[in-house]
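The values are calculated or read from the model by the stated rules, or taken from the named source; none is laboratory data. The shown structure was predicted, so the numbers you read here are calculated from the model rather than taken from an experiment. Cβ placement follows ideal geometry from the backbone for every residue including glycine, while neighbour counts extend to all protein chains displayed. Note: accessible area is taken over every heavy atom of the protein model, side chains too, but ligands, DNA and RNA are not part of it. Shrake-Rupley method; radii C 1.70, N 1.55, O 1.52, S 1.80 Å.
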Amino acid sequence: MAEKKKQHFVPKLLLRHFSNEIKKTKINIFNVETEFYRINCPLDSQAQEDYFYGEDKVIEDALGKIEDSAAPIIAEIIKEKKIPVRNSEKYIILHLFSIILSYRTKNSSEKLNEVVDKTIKELAKYDDRLGALIKDDLSIKLKNAPAQSLSTVAKGVKYANDLELVLLINNTKKKFITSDNPCNRYNQYLEKRNHPGGHLGLFSKGLQLFFPISPDLMLVYYDKWAYKFGNKKDTKILLTDENDINQLNLLQLANCHKICIFDDSVSEMYLKNLTSKVNNLRQKDKSKLYESGKRHLDIDGNERITYIHQTEDRKLNLKLSFVKEPQGAKSHKLTNHFVQIKNENKRDFKG
């Protein structure tokens, strides 16, 4: 077999922490689409695809170096139940690993391909030459969507540097599950206000990232202007309400590509019950493309149309007992911009 042909979009270093087996070579899986449940599946064959990042293995090698640096940090967090000091080398590595993980999965690639497909087909409506080539049943994809997705995050990761990090410690009988799309972006703040624009960009006001690293621990990155997690300066929060765990597991099921992963304490019935609550959300498109503003003529008499495309977030209306809004966020009035950014002073910043 060719070297590094099998490329994981969820690192094995994460999947191992959800294995009950001593050797950490088997995991339990549940297919959300077919409701197929099986225990003791080979870990190595999950969340991977042949040459997912390309046959030249450049991206695979680069991701491997980041994973090698992040693996002992995550293992230490699980052992000590303590996150690295902010802005330390370990913190920076963990932050980079987490942000990249939210963009490197099969889900992200399919969202990007869906945007491309919708955009080209919309353009074909106004260009007869393109329209003659494009058929409704033809699916248009990028040659290497994962590479394009990672290129996006490489340019935008600096906008996530201001996110705060907290460790959730699950002290209930219910356990966290993970999935083939483990690091989920969400935005309770803008969802609550029914804001119609994009919610999930790294620069978006109210952004959150929920990232389970074991059945008992979850990392959460969040916009500290929009939320208060626990008491001031808390870096870890003990969860005792099973409803919080159920909601966070729903987030995994709603946003996974197909497979969720869990330890031996999670039953088939539990997963089927949660899946029934998110099936309608999962049937929606992953992206949205629509006209923005009024059409107008330019100085040459050509009609100009502005389009906006965005990731379609799964609106779960999460109500987590440990998350509150500071008074300043509560009273804040949103601007009329399509994207609400964390720092309005940087809206036109080019650096």
Interchain or long-range residues, amide H under 5 Å from LEU238's placed H: ILE169
The stretch 196-351: equivalent-ellipsoid semi-axes (sqrt of 5 x gyration tensor eigenvalues, Cα, Å): 35, 23, 12
Could you do me a favour and compute the accessible area per residue for the chain, 1.4 Å probe, result in Å²? 53
In nanometres, the difference between 0.36 nm per residue of separation and the alpha-carbon distance of THR235 and GLN148 is 27.9 nm
Enumerate the calculated ³J(HN,Hα) couplings along the stretch 257-274 in order (Karplus 6.51 cos²θ - 1.76 cosθ + 1.60, θ = phi - 60°), each rounded to whole Hz, writing x wherever the residue is Gly or Pro. 6, 8, 10, 10, 10, 7, 8, 5, 7, 8, 8, 4, 4, 4, 5, 5, 5, 5
Expected sort for 300-308, 204-212 on mean C-beta neighbours within 10 Å, highest first, is 204-212, 300-308
Could you run the Karplus curve 6.51 cos²θ - 1.76 cosθ + 1.60 with θ = phi - 60° over the stretch 168-175 and give me ³J(HN,Hα) per residue in whole Hz, x for Gly and Pro? 8, 10, 7, 10, 10, 7, 6, 10
Taking 8-14, 110-116 and ranking on average Cβ neighbours within 10 Å, highest first, one gets 8-14, 110-116
On each of the three principal axes of the Cα atoms of the stretch 28-101, give max minus min coordinate, whole Å, ordered largest first. 43, 35, 19
What part of the accessible area of the chain, given as a whole %, is carbon or sulfur when the probe is 1.4 angstrom? 50
Could you tell me the convex hull volume per residue, in Å³, taken over the Cα atoms of the stretch 207-261? 98
Name the GluC sites (Glu not before Pro) in the stretch 174-271 that are in a loop by DSSP and that have at most 13 other C-beta atoms within 10 Å, would you? none
Using only the alpha-carbon atoms of the chain as identical scatterers, what base-10 log of I(q)/I(0) does the Debye formula give at q = 0.15 Å⁻¹? -1.45
